[in-house]
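Contents: one structure, followed by commentary.
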Amino acid sequence: MTTDFTIKIIGLFLGVVARSLIPWLRKLRNGEVKGFDKRYLYSGIATFILGVIITLVIFPQFKGEAGGQGGASGTGIVPGFENYFRLFCLAFGFGFGWNAIVLEAGKWGNWFLEGEE
């Protein structure tokens, strides 16, 4: 497993977790919920699985290439922290945004179901 792949998956996972936990923590603080609703877990798992599939299709275009301060010049410097940090931020934002889309689609789906009753 390469460092690039690991960073992509960890970033995606943490983005999904953050997007799932932030609304729950807000609701918990406001007293709107008493426990953890399993819907957050299910949407997080579904989002992560879909995100991994899409990440494997899209993210090969974005790699933490060796560069910057002599990485490609043969000086022995490994790919820069900045490149990996950018890759992590991109994957985190992708997971966060993808989970937001899945959650919003679920709300719209419930809205359509409620209209049929």
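In the stretch 36-49, what count of residues is obtained for those that are in contact with a Phe, Trp or Tyr (Cβ under 7 Å, 6 or more places away or on another chain) and part of a helix (DSSP H, G or I)?
Here the count works out to 3.
Which condition does GLY15 not pass, out of (1) in a loop (DSSP other than H, G, I, E, B); (2) modelled with pLDDT of 80 or more; (3) not polar (S, T, N, Q), if it passes all the others?
Every condition holds for GLY15 apart from (1).
The values are calculated or read from the model by the stated rules, or taken from the named source; none is laboratory data. As the structure is a computational prediction, the values presented were derived from the model and not from experiment. As a convention, Cβ positions derive from the backbone with ideal geometry for all residues, glycine included, and neighbour counts pool all protein chains shown.
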